[in-house]
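The values are calculated or read from the model by the stated rules, or taken from the named source; none is laboratory data. This is a predicted model, so every value here is computed, not measured. Cβ coordinates were reconstructed from backbone atoms using ideal geometry, including for glycine residues, and neighbour counts include every protein chain displayed. Ligands, DNA and RNA are excluded from the accessible area calculation, which covers all protein heavy atoms including side chains. Shrake-Rupley method; radii C 1.70, N 1.55, O 1.52, S 1.80 Å.
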Amino acid sequence: MITYIYFVKCPGCDDEHFDFFDEAKEFALGCLSQKPIITQTEVNRNDFGECTDHCDLGTVWSWEDIV
């Protein structure tokens, strides 16, 4: 089963992860002054929900899209 994780990354801050893009974007919009980006990771899970493989898909949103 393929799932996606969205990471909000800001310079000098800990990454925040979200299961849904809309939640990640809402969080990122709340910290625009810190110049956040959102990256997407594809996760392949087995029948037990365990990660068996993953792939970083790169940046899917940036604070520059708003400015």
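Only residues that are out of contact with any helix residue (DSSP H, G or I) (no Cβ under 8 Å at 6 or more places or on another chain) and in a helix (DSSP H, G or I) were counted across segment 35-67, and they come to 2. Contact map, segment 27-49: first residue closer than 17 Å to T59 by Cβ and open to solvent by less than 70 Å² (accessible area, probe 1.4 Å), second residue in a strand (DSSP E or B) and charged (D, E, K, R), Cβ cut-off under 7 Å, separation 6 or more or different chains; pairs are P36/K9; I37/K9; T39/K9; T39/D56; T41/D56.
Among the residues of segment 8-26, those that are among the hydrophobic types (A, V, I, L, M, F, W, C), crowded, with 16+ Cβ neighbours inside 10 Å and at pLDDT 95 or above comprise V8, F18, A24.
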